[in-house]
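Below you'll find the structure, written out as structure tokens, and then a few comments.
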Amino acid sequence: MIAILSEEHGVLSIVVPCFNEEQVLEAFNDELHARLAELRQPYEVVFVDDGSLDGTLSLLRTFAARDPHVRYLSFSRNFGKEAGLLAGLRESTGDHVAIMDADLQHPPSLLRRMLDLQREGFDQVVARRSRDHDGPLRALLSRSYYQLVNHWVEVELVDGAGDFRLLSRRAVDALLELGERNRFSKGLFSWIGFRTVFFDYTDVPRGGGTSKWSYRHLLNYAVDGMVSFNSRPLRLAIHVGLPLTGLALLYAAWMVGAVLIGGVTAPGYVSLLVAVTGFGGMQIVLLGLVGEYVGRVYNECKQRPHYLVSERTPSGLARTPAQRAHFS
Ligand code: UDP
Ligand code: MG
């Protein structure tokens, strides 16, 4: 079996984080293996079960039991996709590592194209999706967000370019060196740099099951993107605060002048109320912004692990590609 595989291009690892994906996982696994077999390259698939509550883990046990290419990890609870990605990357042993969602929204058929591009010398081959299947509101929000975030954040975030990408070993090693607790992968991928190429593909709907992203999650994700990379948003406080203080001083001088000339007439109820509520709201927003940074410092200080593993491929089944070559 190993003999017919071409070793010249190295081993390919596929990392798949899964959370409650029982409805689509079997179809994904079949499609992935069919495509990987066509590539005629040694490979391994690393599934990370992110504390699923459905039958995801038992499916992974079955996959690993019947196919030595498959390994899995299972978390003790849901730690989020970022933790799943990190665990998968740590577990991967390949010379190239592709990251894919389990819901068939990242079509395995694109792997061949990604490998072709990677052979041209790219460390990151990124599949950039169109927004054809997003609702108009979500598409509009996403677009505006990227414009805003690219203005405020040092690293460049590309709309539609997510986690579906093929990384070289040195890019993976670079990512693994970034030990921060609050992981915002989109930014980390951009931060490590290396030669990167983007190619477009048409968005496909989920193969089954439902998306784990609500608008509330998306808002949190958006805030993460803004504050994960630098303290530039904190300057917003200065940028907004200074002109407002100037305006307030001018207004105060005008009022004092009016009192000196015309005496006390005691109107100004509306302007007082507008100033108090306006400034109050702004202060709360800016306090929240400062709080985001403080919270992050607090999280980093605790130095907790990113995730806890409760189960992994039984040692009798687990085979890295190197071990498989040795055993066969
Ligand atoms: N996922 C995960 N942990 C989570 C949420 C999602 O591992 O807490 C996985 C999920 O199983 C899927 C991928 O991350 O493989 C993308 O999730 P989803 O399809 O829900 O996101 P969307 O495509 O809607 O952005
Ligand atoms: Mg999806």
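Points worth noting:
- For Lys302, the lysines whose Cα comes closer than 26 Å to its Cα, not counting residues fewer than 8 places off in the same chain, are Lys81, Lys186.
- Equivalent ellipsoid, the chain (semi-axes from 5 times Cα gyration tensor eigenvalues, Å): 50, 20, 18
- Extension gain, Leu308-Thr62: 0.36 nm per intervening residue step, less the Cα-Cα distance, totals 86.4 nm.
- Taking the stretch 36-157 and dividing mean pair separation by its residue count, relative contact order in percent (alpha carbons under 8 Å, at least six apart): 19 percent
- Beta bridges by DSSP in the chain, antiparallel share as percent, to the nearest 5: 35 percent
- Ordering of 142-148, 306-312, 96-102 by packing [mean C-beta count within 10 Å, highest first]: 96-102, 306-312, 142-148
- Relative to the longest principal axis of the Cα atoms of the chain, the long axis of helix 215-227 makes an angle of roughly 80 degrees.
- The stretch 178-245 and the stretch 44-123 have Cα centres lying 22 Å from one another.
- Acute angle (nearest 10 degrees) that the helix 136-152 long axis makes with the longest principal axis of the chain, alpha-carbon atoms: 70 degrees
- Helix 269-302 and the longest principal axis of the Cα set of the chain meet at an angle near 30°.
- Stretching the chain fully between Arg296 and Leu272 yields a gain of 5.0 nm (0.36 nm per residue, less the alpha carbon separation).
- For the chain, the solvent-accessible area with a 1.4 angstrom probe is 53 square angstrom per residue.
- Nearest-20 debye value, the stretch 134-221 charge dipole, Cβ charges on Lys, Arg, Asp, Glu: 260 debye
- Long-range tail of P(r) for the stretch 6-105 (Cα pairs > 15 Å, %): 57 percent
- The alpha carbon radius of gyration of the stretch 239-316, expressed as a multiple of 2.2 N^0.38 Å, is 2.22.
- Neighbour-limited loop hits for chymotrypsin sites (Phe, Trp or Tyr not before Pro), the stretch 174-250 (at most 16 other Cβ within 10 Å; DSSP other than H, G, I, E, B): Phe194, Trp213
The values are calculated or read from the model by the stated rules, or taken from the named source; none is laboratory data. Owing to the predicted nature of the structure, the values given are computational and were not obtained by experimental measurement. Positions of Cβ are backbone-derived with ideal geometry, glycine not excepted, and every protein chain shown enters the neighbour counts. Keep in mind that these areas ignore ligands, DNA and RNA; they rest on the heavy atoms of the full protein, side chains included. Shrake-Rupley method; radii C 1.70, N 1.55, O 1.52, S 1.80 Å.
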